[in-house]
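The values are calculated or read from the model by the stated rules, or taken from the named source; none is laboratory data. Every value quoted in this text rests on a predicted model; they were computed, and no experiment measured them. Cβ sites come from the backbone with ideal geometry, for glycine too, and all protein chains shown count toward neighbours. Ligands, DNA and RNA are excluded from the accessible area calculation, which covers all protein heavy atoms including side chains. Shrake-Rupley method; radii C 1.70, N 1.55, O 1.52, S 1.80 Å.
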Amino acid sequence: MCALNAKTFDVGRIRAAYPALADGHAYLDGAAGTQVPSGVIDAIAGAYRAGIGNSGGAFPASRRSDQITAECRSALADLTGGQPEGVILGPNMTTLTYRLARTLARRWGPGDEIVVTRLDHDANVRPWVQAAEQAGAGVRWADVQLPEGDLSLAQLTELISERTRLVAVSAASNLIGTRPDVAGITALAHRAGALAYVDGVHATPHGPVDVGALGADFYATSAYKWSGPHVGAVIADPALLATLQPDKLAPAPDTGPDRFERGTLPFADLAGVTAAVEHLASLAAPEAGASRRERVVASMAAAEAHEHELFRVLLGGLDAMEHVTTYGKAARRTATAYFNVAGHTPLQVAEHLASRDINVWDGDNYAWELAGVLGVRDGGGGVRAGLVHYNDRSDVGRLLEAVGELGG
Ligand SMILES: Cc1ncc(COP(=O)(O)O)c(C=O)c1O
């Protein structure tokens, strides 16, 4: 792989690509959904302008849709290090996970077990728990160690056994940013003969992804978290997919990832997904001749470095305020802060910040189990301020100033 220069990351140039950022708000809500650059908007509009049809037809508009779909699978493979033939497309991660849980659970029965974690977003918990219950299989829970807010490999070694059929784990917590040792956990799963389903929804926007290195049999992601439209995807080994039998309509395709895709895909949005991957690949200036995969990896490494530089300031500033409590101290984490302010509910803090044109989320952000572990679920959760590649020092400074106003 050729070495690309990560120092060319220019946040001013990147911000200029996002029309929505011109409204002057500090967009620290990226963990719930990012803004979209012009290239993505143009790609979606361009698909409609050119004319698209349903898939599989003999005429050009239909062929264009099939081409868009194929390009989208290739783009997602480049983003994650997977193969285009293993890319399942769908409306969002939650829907796809329910679909795969139903498919995988056909093989489970009494005596089998699955392992889920209290670190995960509920979309990588409840679909598995409910599928296991319906199959008569058992559920083992991996705890979150406090105050780090991380999983324990030692506990997972105890939990994962020859009875385990599936381990569902997040590549990064959407609440406190923890990046658990996914490769270590998937290795335990594989040693036991289990499959590993990795929720990459929060991890994907924050650094390079390599599904092979993670050991993910399934890797789920959602394009709206990384500057794309509202489309979800699961990346899996095509050979593994071929062994599964999803529910499908009789005339629907019998081979390939299409078997897991129900009904008609949002073709214009898929063009937007490809444009979003191109956008990510362009974050750090490429050397001539680099492949898109190489450019994505280099650019996302540069984005991660940029986010972490800002995050040090953000977290350091919050931790220095006596009226603020922050959650999570994992050694490896995304630039995602979760905190509470003494004397104010999370909603009051979010409203105060909104009055200063700063967008943050309040609540449990669907990390239901983790909010319970942190002891904040019943009190309205916390406040989440998350950085993505288009945030800058001014966003961080404004947040710290506005939270500071709530002290004393
Ligand atoms: C870590 C994580 N997993 C899963 C989801 C659910 O994703 P989707 O909205 O695509 O169903 C989210 C959404 O916020 C998330 O942050």
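Does the range 41-50 contain at least one residue that is part of a helix (DSSP H, G or I), in contact (Cβ under 8 Å) with a residue 12 or more places away in the chain and either under 18 Å from the mean Cα position of the chain (by Cα) or within 16 Å of the ligand (Cβ to nearest atom) (or both)? No, the conditions are met nowhere in the range 41-50. The single condition among (1) open to solvent by 10 Å² or more (accessible area, probe 1.4 Å); (2) among the aromatic types (Phe, Trp, Tyr); (3) within 13 Å of the ligand (Cβ to nearest atom) that TRP128 does not satisfy is (1).
Take the conditions in a helix (DSSP H, G or I) and farther than 25 Å from THR94 by Cβ and apply them to ALA402. Does it pass? Write out each step before concluding.
Details: in a helix (DSSP H, G or I): yes; farther than 25 Å from THR94 by Cβ: yes.
Spelling it out, ALA402 is indeed in a helix (DSSP H, G or I) and farther than 25 Å from THR94 by Cβ.
Of the residues making up the range 375-399, those that are more than 16 Å from the ligand (Cβ to nearest atom), part of a loop (DSSP other than H, G, I, E, B) and either of a type in the set (Phe, Trp, Tyr) or surrounded by 24 or more Cβ atoms within 10 Å (Cβ to Cβ) (or both) are HIS389, TYR390, ASN391.
Looking only at the range 290-315, count how many residues are hydroxyl-bearing (Ser, Thr, Tyr) and either touching a Gly at 6+ places or on another chain (Cβ under 6 Å) or surrounded by fewer than 22 Cβ atoms within 10 Å (Cβ to Cβ) (or both). First the steps, then the outcome.
Pass one, the range 290-315, residues hydroxyl-bearing (Ser, Thr, Tyr): 291, 299.
Next, from what is left, pick out any that are either touching a Gly at 6+ places or on another chain (Cβ under 6 Å) or surrounded by fewer than 22 Cβ atoms within 10 Å (Cβ to Cβ) (or both): 291.
Number satisfying all stated conditions: 1.
Report yes if GLY207 is open to solvent by less than 10 Å² (accessible area, probe 1.4 Å), more than 14 Å from ASP120 (Cα to Cα) and touching a helix residue (DSSP H, G or I) at 6+ places or on another chain (Cβ under 8 Å), otherwise no. Answer is yes for this residue.
Candidates in the range 132-145 are the residues that are open to solvent by 10 Å² or more (accessible area, probe 1.4 Å) and of a type in the set (A, V, I, L, M, F, W, C); of these, the one that is nearest to the ligand (Cβ to nearest atom) is VAL144. Criterion applied to ASP29, ASP78 was being open to solvent by 20 Å² or more (accessible area, probe 1.4 Å), under 30 Å from GLY212 (Cβ atoms) and within 25 Å of the chain's Cα centre (by Cα), and the one residue passing it is ASP78. The single condition among (1) over 18 Å from LEU100 (Cα atoms); (2) open to solvent by 10 Å² or more (accessible area, probe 1.4 Å); (3) more than 14 Å from the chain's Cα centre (by Cα); (4) away from the ligand (no atom under 16 Å from the Cβ) that ASP150 does not meet is (4). Go through the residues of the range 263-281 one by one and say whether even a single one is within 20 Å of ALA75 (Cα to Cα), among the hydroxyl-bearing types (Ser, Thr, Tyr), out of contact with any helix residue (DSSP H, G or I) (no Cβ under 8 Å at 6 or more places or on another chain) and away from the ligand (no atom under 16 Å from the Cβ). Taking every residue of the range 263-281 in turn, at least one turns out to be within 20 Å of ALA75 (Cα to Cα), among the hydroxyl-bearing types (Ser, Thr, Tyr), out of contact with any helix residue (DSSP H, G or I) (no Cβ under 8 Å at 6 or more places or on another chain) and away from the ligand (no atom under 16 Å from the Cβ).
Is it the case, given these coordinates, that GLU307 is within 28 Å of ALA20 (Cβ to Cβ) and either outside any loop (DSSP other than H, G, I, E, B) or not acidic (Asp, Glu) (or both)? Give the steps one after another, and end with the answer.
Numbers: within 28 Å of ALA20 (Cβ to Cβ): yes; either outside any loop (DSSP other than H, G, I, E, B) or not acidic (Asp, Glu) (or both): yes.
Yes: the conditions hold for GLU307.
Return yes or no: is GLY86 under 24 Å from SER299 (Cβ atoms), surrounded by 22 or more Cβ atoms within 10 Å (Cβ to Cβ) and within 15 Å of the ligand (Cβ to nearest atom)? Answer is no for this residue. Restricting attention to the range 281-304 and to residues that are among the polar types (S, T, N, Q) and part of a loop (DSSP other than H, G, I, E, B), the residue that is farthest from the chain's Cα centre (by Cα) turns out to be SER291.
Among all positions in the range 276-289, there is no residue which is farther than 26 Å from PHE9 by Cβ, polar (S, T, N, Q) and open to solvent by 20 Å² or more (accessible area, probe 1.4 Å). Restricting the search to the range 321-338, which residues are within 25 Å of ALA203 (Cβ to Cβ) and touching a residue at least 60 places away in the same chain (Cβ under 8 Å)? Correct list: TYR327, GLY328, LYS329, ALA330, ALA331, ARG332, ARG333, THR334, ALA335, THR336, ALA337, TYR338.
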